[in-house]
1. What is the calculated FRET efficiency for residue 81 to residue 127, with r their C-beta to C-beta distance and R₀ = 45 Å, to the nearest 0.05?
2. Give me 129, 221, 308 ranked fewest to most by other Cβ atoms within 10 Å of their Cβ, as a rough exposure proxy.
3. Per residue, what volume in Å³ does the convex hull of the Cα atoms of the range 92-135 enclose?
4. Does the range 8-94 classify as rounded, prolate or oblate by the C-alpha gyration tensor (a ≥ b ≥ c root eigenvalues; a/c under 1.5 gives rounded; else a/b over b/c gives prolate, otherwise oblate)?
5. How high is the FRET efficiency between residue 252 and residue 97 when r is their beta carbon distance and R₀ equals 51 Å, given to the nearest 0.05?
6. Sequence-distant or interchain residues sharing an amide H contact under 5 Å with residue 148, placed H: which?
7. Which distance in nm do the two modelled labels at residue 163 and residue 323 give, with both placed 7 Å along the Cα-to-Cβ direction?
8. Which FRET efficiency value, to the nearest 0.05, do you get for residue 298 and residue 186 by plugging their Cβ-Cβ distance into 1/(1 + (r/R0)^6) with R0 = 45 Å?
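Readers should treat all values here as calculations from the given coordinates under stated rules, not as data from a laboratory. Given the structure is predicted, the values throughout are model-derived calculations rather than measurements. All Cβ positions, even for glycine, are placed from backbone atoms using ideal geometry, and neighbour counts span all protein chains on display.
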Amino acid sequence: MLYRRALTREMTLTTGAVLTVLVAIALVVLFIRLLGDVARGELANEAVFSFLGFSLLFFLPVLMTIALFAGVLLPLSRMWRDSEMVIWFNAGLSLAQWVRPILAFALPFSLVILLITLTLNPWAQTKKYEYRQDLRSRSESSLIAPGIFAEANNGERVYYVESLNPLTGIVRNIFMQSRIDGQLGLVVAREGNHVERPDGSRYLVFKDGRRYEGTPGKLDYRIVQFERYWMRLDPAPVGAKETGIRQAPLKVLLADPSPASRAELLWRLGVPLSALILAVMAIPLSFVNTRARRSYGLITALLLYFVYNNLLSLSQAWVAQGKLNPWAGMVASHLVMLVALAGLFYWRMRQFAPRGKRA
């Protein structure tokens, strides 16, 4: 029908616009956070964009839920303000007849969210963990970049090089600070390069420089001038692989009866279901008083979203702590919102029912 096509087109455009804005904001916030990790030496420069993608994919289901909610709420509110809804009601449509086109639009969106939470997010979290472990196991030489102070071994060594020849691998004008057993060591060299021996050991070889050794606060510093100074580089130790609950695939969660697995399953299934319920809830919340030109539905919608999201988080926490039965936790928050949805529909339908038929 005509109203379905027009509504679907407007909801698609609005949802896409809202999702684009939310993703852009999330990218800026995550990028700034990752740059802070790089500045503190907790993350390598080349890993920023990879971690940005992993982090965005983790938050994408929540962003899509908000975008779907707003994508349904805003077009319907616009139709109320422009008196289009009144025209459709006078043409014989009831408020309940808007549920079907809303569900037809929201169901594919919710299935995409379900796919992300059940499949893509665990895969992304696993790859993120593997990548982080790979970065930790790399040699210190991979952290050295021209014009940047690079930390290694939790700040025990600090490097700075002025320039790097990418063809030969030779660095110029090197500064290195190291702290071993309370003694501070400074190395200044004209050039250096990375050497790997046949046995697999790796070294940084400094040429034509000086090394200063001593204890901070004392004057008994020792100065050594050298032609070549070899310093061994050991890869950072990497512990045994750990599989967090967020990285567990669906079949593992279903087979594991522990509270933590049930809580994670509650969240993965709850987010797409909440998106579907919120999309239908936008129908009664979209009402705008055309005489007053004001609506409290947007404020109510915002509050209901935060209440719903907090109920999901609270249920997940209680299930993980063993305070709530897993099956009760999976249905409790959704049941509360379904009761609120039925109450909103009943209230709005009484408002638009003929006076003789009102209860």
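1. Numbers: r = 46 Å, r/R0 = 1.02.
Approximately 0.45, to the nearest 0.05.
2. Numbers: 129 17, 221 14, 308 22.
If I rank by nearby Cβ atoms, fewest first, I get 221, 129, 308.
3. Details: hull volume 2.6 nm³, N = 44.
Taking the convex hull of the Cα positions in the range 92-135, it is 60 Å³ per residue.
4. On the way: a/c = 5.32, a/b = 4.28, b/c = 1.24.
Prolate shape, in that a/c is at least 1.5 and a/b is the bigger ratio.
5. Numbers: r = 43 Å, r/R0 = 0.85.
Efficiency computed from Cβ-Cβ geometry: 0.75.
6. For residue 148, the qualifying residues are 161.
7. 6.3
8. Values: r = 61 Å, r/R0 = 1.37.
Here the calculated transfer efficiency is 0.15.
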